[in-house]
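Some notes on the structure that comes next.
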Amino acid sequence: MTEFDKYFYTLNKYYRELFGCRTQRIAIRTESTCPNRDGTKASGGCIYCSSENLMPPGYYKNKPVKEQIIDSMNRNKKIKKFIAYFQDHTFTYNSIERMQASIKPVFEFDRIIGISIGTRPDTFNKEIINLLVELKEKRYLEIELGLQSANDKTLEFINRKHTVAEFVNAVKMLADFNIPVIAHIIIGLPYEDKNDFIKTRDLLNRLPVKGVKFHNLHILKNTYLEKLYKENKVNVLEMDEYIDILVELIKGLRKDIVVYRLLGEASMQLTIAPQWIHKKDVFMNKLLYILRKQFC
């Protein structure tokens, strides 16, 4: 147990309740793409997205899933249980055959007791749902679903090319099959303010979501957002600003929603701004200090 458990439902606590011990996620890359990257709905992906930033430690191009798993386990020999996290881009934007081939190595490892799939809300069909139901019968399964904002105008601006309604429908559909959903939201998106962030949180409160990942907006090299930033058309939040908003969101978050992440991270080499994201210890200490004051 950590002190953060006093203030919100932490991922560590949730996994310990489910699996009885510390459980770690293994980030797996499968060279997936997205419908807003390959020209189906748009090109270039989200304006903040850099595929380079998604590389887990030890990754190299076309490395087999099994080798990625073994490498991660070897780096974390003291961990007893793992979740295989299919992280990059939109995993369900693949053929059923490719999804099955990517997931198959997971079942060779007894220590992998769960599967997490990162995806978008507009890439589900009957075949994919059937596959997810099959997976759920074999391992714990959770779906990470990108929302980013509950404002359709923002989603259009950042080139998501899906709607809030599509996110809501996907969450409800997955809930019908008792598949937990972890929503991704970004604090600090261009032209949004605290009221927008609260509206996004409140949408999650009304939906059957199991968890949330909070990300602060950060600017990465070789993205359209970098161009806007250098033209002084967008800003990023300072650490104290982000913490103040984050604490407000946490205070109003439904108590059974698990907080999977508190801060967006990126490699130092790719980060344009803000640089404070690389001072995670400072961030966590400041956040804890504010939480103590707010919840006392």
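Could you say which residue among Ile182, Ile198, Ile219 is within 16 Å of the chain's Cα centre (by Cα) and either buried (at least 16 other Cβ atoms within 10 Å of the Cβ) or without any contact (Cβ under 8 Å) to a residue 60 or more places away in the chain (or both)? Exactly one of Ile182, Ile198, Ile219 is within 16 Å of the chain's Cα centre (by Cα) and either buried (at least 16 other Cβ atoms within 10 Å of the Cβ) or without any contact (Cβ under 8 Å) to a residue 60 or more places away in the chain (or both), namely Ile182.
Condition first: assigned to a helix (DSSP H, G or I) and surrounded by fewer than 20 Cβ atoms within 10 Å (Cβ to Cβ). Now tell me which residues in the range 169-179 satisfy that.
Matches in the range 169-179: Asn169, Lys172, Met173, Ala175, Asp176.
Given the residues Gly188, Gly211, Gly264, which is the only one that is at positive phi and in contact with a strand residue (DSSP E or B) (Cβ under 7 Å, 6 or more places away or on another chain)? Of the residues listed, the single one that is at positive phi and in contact with a strand residue (DSSP E or B) (Cβ under 7 Å, 6 or more places away or on another chain) is Gly188. Scanning the range 132-143 turns up one or more residues that are over 19 Å from Arg25 (Cβ atoms), hydrophobic (A, V, I, L, M, F, W, C), open to solvent by 10 Å² or more (accessible area, probe 1.4 Å) and in a helix (DSSP H, G or I).
For the range 104-112, the criterion of being open to solvent by 10 Å² or more (accessible area, probe 1.4 Å) and under 20 Å from the mean Cα position of the chain (by Cα) is met by none of the residues.
Residues in the range 222-244 that are open to solvent by 20 Å² or more (accessible area, probe 1.4 Å), in contact with a strand residue (DSSP E or B) (Cβ under 7 Å, 6 or more places away or on another chain) and either assigned to a helix (DSSP H, G or I) or within 15 Å of Val212 (Cα to Cα) (or both): Glu226, Tyr229. For Asp256, state whether it is under 16 Å from Gln275 (Cα atoms), open to solvent by 30 Å² or more (accessible area, probe 1.4 Å) and either out of contact with any Cys (no Cβ under 9 Å at 6 or more places or on another chain) or not in a strand (DSSP E or B) (or both). So Asp256 does not fit the description; no.
The sole residue among Lys66, Lys41 that is more than 18 Å from Phe82 (Cα to Cα), modelled with pLDDT of 90 or more, open to solvent by 20 Å² or more (accessible area, probe 1.4 Å) and not in a strand (DSSP E or B) is Lys41. For the range 149-168, the set of residues classified as in contact with a Pro (Cβ under 9 Å, 6 or more places away or on another chain), polar (S, T, N, Q) and open to solvent by 30 Å² or more (accessible area, probe 1.4 Å) consists of Thr163 only. Restricting the first member to the range 79-98 and to residues that are under 13 Å from Ser32 (Cα atoms), and the second to residues that are aromatic (Phe, Trp, Tyr), the beta-carbon pairs closer than 7 Å and six or more apart or on different chains are Thr92/Phe124.
The values are calculated or read from the model by the stated rules, or taken from the named source; none is laboratory data. Keep in mind the model is a prediction, meaning the values are calculated, not measured. Using ideal geometry, Cβ is built from the backbone for each residue, glycine included, and neighbour counts are taken over all protein chains shown. Just so you know, the surface numbers come from the protein's heavy atoms only, side chains and all, with ligands and any DNA or RNA stripped out. Shrake-Rupley method; radii C 1.70, N 1.55, O 1.52, S 1.80 Å.
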